[in-house]
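K.L.:
Submitted below is the structure of interest, expressed as structure tokens.
No value in this document is a laboratory result; all are computed from the given coordinates. In this text, all values refer to a predicted model and were calculated from it rather than measured experimentally. Note that we place each Cβ from the backbone using ideal geometry, even for glycine, and neighbour counts take in every protein chain shown.
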Amino acid sequence: MRRGSSAPMSARAGRVAIYATLALAILVALFPFWWMIDTSLKRPVDIFSGVALWPQHVTGSNYHRLFASYHFGSFLLNSVVVVAVSVTASLLIGTLAAYGLARFRLRFGIDRLALYGVLLVRMLPGILLVIPLYIVLAKWGLLNTRLGLILIYAGLNTSFVVWMMQSFLEDIPRDIEEAAMVDGDSRLTALRRVVLPLAAPGLIATAIFAVIATYNDFIIALTLTSTPSAQTVPVGVSTLIGKIQIEWGPMAAAGVVGAMPIVLFALVVQRHFVRGLTLGAVK
Amino acid sequence: MAVAEPAVAEDAGRAWRLRGAATPYLLLAPALLALAAVSLYPIFYGIRASFHRYRYGIDMGSAGTQNYVNVYHDPVFWQAVKTTAKFVVIAVSIETLLGLALALLVARELRFASWIRVSLILPMTIAPVVVGVIWRLLFASDIGIVNPLFSWFGLAQPNVLAHGTSAFLGLVAVDTWEWTPLIFLILLAGLHSMPQDPLEAAQVDGAGRVQAFFHHTLPLLKPVLLVAIVLRTIDAVGTFDQVFVLTKGGPGTSTQLISIYSYNTAFLFTQYGQAMAMLIALLACLLLLMAAAVRFMRRTSEAVA
């Protein structure tokens, strides 16, 4: 937004005020992260020796213990497997459905119904779904398995993929794929060869959101898994809190490990990030 | 598997509707089946469960409406409803005001604009469980920084998580820290997609700017603002992870939201039927909000597009 020309002095004072306010907001947003990192790098003695905004003696022992005695290797592996498989599956079936919705009118307004139904699923609170899912998965012997988590996340992510991809695919002109189909491509080949490359930014934004939502989910993994063989990182983090004597160092380190992949991800792909995070509420 | 389909491109419109009538249904089927399996099915199963009696987690047969009657007469449930409502209203109000203020500040040409934006939204990107851990570390009475900060300002040390009122306010603060960025982001996107002319014309002195905001910006922003508020409200009603990590609903029942109470009812006391009765009642209320959200979102995506 361009600014009008006001008196230079007051304009300058205004700009200083704006940057000062933003600096304060950023401090509030980021300092808590630093406090966690700071704590995770301190020795137990130093953690209890009063406020220090910088670790006096940097140590990696908290991280070492996380992997040596708190199963964080397994948690990370479970998270990676569950996220990778479920996000890939939901992108695949979700994009096909989104394409169907973007290109066809269905009978009885099924297309509109499907689209808004999909949006509703996204908004359901997790706690509502986990109790029946728990009972059902128990019946099928899928409790405490990665497969159980993968199936559920793949299904839930599909809602988001359909909603986002539908709006991205609608923006792509039909002429292009029609031309490809005249050249002899089948519809699916045209989708893969012509449409998807054009929709790549949208696909990336969607994938980013799906990865974050799945990696961060807690309540589903908490209720449906019970041992490190299937528990994911957020559940692993929470197991450190249940102890009677809280071990602050490893707990802080666990928080850092839990946040790290997503923060790095956010910094690397920040451009594609915004639309995904806003649930496609605004184009 | 490729769907056989004559590759003919006549005029769009009717031709699309007639050719390969099965294609769109085949495209949709896997996704809709998957969605139904993880949402419709659990909801119907949950509704059924809410009419059954469970003992030690085992289905003991139909209970009629007994679970609903029990919930209705349960004072702890009504307290949880009140706590949840208070939490949602206070947190979402603060988040809306702060998010709006931040969006207005950032929606201009700034140095480091993208770094400012990504720093401000970082809290909403990490797992809510980690948010809980971070604030456990800040609030902790022995190793935290909130207590020393209060002393530094000459105030009594609050020991935030040890007392009912302060624990509740602490949770509101945590929610504000985590989710103001969402409102900020949505409103920022709304501001960026607004026509600029009336604003530029109206950009004069301070008083003129305030007027311009209420007469031009706010009315134009209203649809997006509504989407942001309704989405955030729906999410806030389901808040669970941070509370589970920070207070588990305590001390006493001072921070026991409906999500926490129903979780305990189901997984500590194995009263699945009763827990589902609470959640189905909650869903009935939420559906109104969700319908509003869908309507608002349809309107903004049409208006903004």
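K.L.:
Considering the dipole of the protein assembly as shown built from charges on the beta carbon (Lys and Arg +1, Asp and Glu -1) around the Cα centre, which of B:Pro158, A:Leu76, A:Ile208 is farthest to its positive end?
P.N.:
B:Pro158
K.L.:
Over the Cα atoms of the stretch A:8-59, compute the convex hull volume and normalise it per residue, giving Å³.
P.N.:
85
K.L.:
Could you tell me the center-to-center distance, by alpha carbons, between the stretch B:39-113 and the stretch A:122-157 in angstrom?
P.N.:
Between the Cα centres of the stretch B:39-113 and the stretch A:122-157 lies a distance of 18 Å.
K.L.:
Would you calculate a helix-derived [θ] at 222 nm for the protein assembly as shown, using -39,500 (n - 2.57) for each DSSP H run of n ≥ 4 and dividing by the full residue count, to the nearest 500?
P.N.:
Calculated at 222 nm, the ellipticity per residue is -22500 deg cm²/dmol.
K.L.:
List every DSSP H helix in chain A whose Cα atoms extend 30 Å or more along the helix's own long axis and whose mean Kyte-Doolittle hydropathy is at least 1.6.
P.N.:
A:72-103
K.L.:
Over the Cα atoms of the stretch A:5-151, what is the Rg over Rh ratio if Rh follows Kirkwood?
P.N.:
In the stretch A:5-151, Rg relative to Rh is 1.17.
K.L.:
For the stretch B:209-289, how big is Rg over Rh, using alpha carbon atoms and the Kirkwood form of Rh?
P.N.:
Rg divided by Rh gives 1.21.
K.L.:
Considering only lysines 8 or more places apart in sequence, or on different chains, count the pairs in the protein assembly as shown whose C-alpha atoms sit under 21 Å apart.
P.N.:
Final tally of qualifying lysine pairs is 5.
K.L.:
Still on this structure, I have one more. Please say if the protein assembly as shown is rounded, prolate or oblate, where rounded means a/c under 1.5 for a ≥ b ≥ c the square roots of the C-alpha gyration tensor eigenvalues, and otherwise the choice is prolate for a/b larger than b/c and oblate otherwise?
P.N.:
It comes out oblate by the Cα gyration axes.
K.L.:
Rounded, prolate or oblate: which fits chain A, taking a ≥ b ≥ c as square roots of the Cα gyration tensor eigenvalues, rounded meaning a/c under 1.5, else prolate when a/b beats b/c?
P.N.:
It is oblate, given that a/c is not under 1.5 and a/b is not larger than b/c.
K.L.:
Okay, next question. In debye to the nearest 20, how big a dipole does chain A give about its Cα centre with +1 on each Lys and Arg Cβ and -1 on each Asp and Glu Cβ?
P.N.:
Magnitude of the dipole: close to 440 debye.
K.L.:
Moving to a separate point now. Describe numerically, in nm with one decimal, the distance between label points set 7 Å from Cα along Cα→Cβ at B:Phe112 and at A:Leu147.
P.N.:
About 5.1 nm separates the two model spin labels.
K.L.:
Which longest run of chain B has no exposed loop site in it, a site being chymotrypsin sites (Phe, Trp or Tyr not before Pro) in a DSSP loop with at most 12 other beta carbons within 10 Å, and the site itself not part of the run?
P.N.:
With chymotrypsin sites (Phe, Trp or Tyr not before Pro) excluded where exposed in loops, chain B gives B:154-305 as its longest stretch.
K.L.:
Here's something else I'd like to know. Using only the alpha carbons of the stretch A:168-216, determine the length spanned along each of the three principal axes and report them from longest to shortest in whole angstroms.
P.N.:
Computed over the stretch A:168-216, the largest-to-smallest principal extents equal 44, 18, 12 Å.
K.L.:
Can you give me the Cα centroid spacing of the stretch B:242-305 and the stretch A:68-100 in angstrom?
P.N.:
The two parts, judged by their Cα centres, are 25 Å apart.
K.L.:
What longest range of chain A stays clear of loop-exposed chymotrypsin sites (Phe, Trp or Tyr not before Pro) (DSSP non-H/G/I/E/B, at most 15 other C-beta within 10 angstrom)?
P.N.:
That gives A:141-283 as the longest site-free run.
K.L.:
Select from chain B the helices, each a whole stretch of DSSP H, whose alpha-carbon atoms run 30 Å or more along the helix axis and whose Kyte-Doolittle mean is at least -1.0; answer none if there are none.
P.N.:
Membrane-span-like by this criterion, though nothing is claimed about a membrane: B:75-106, B:164-192, B:272-304.
K.L.:
What is the ratio of the Cα radius of gyration of chain B to 2.2 N^0.38 Å, where N is its residue count, to two decimals?
P.N.:
Dividing the Cα Rg of chain B by 2.2 N^0.38 Å gives 1.27.
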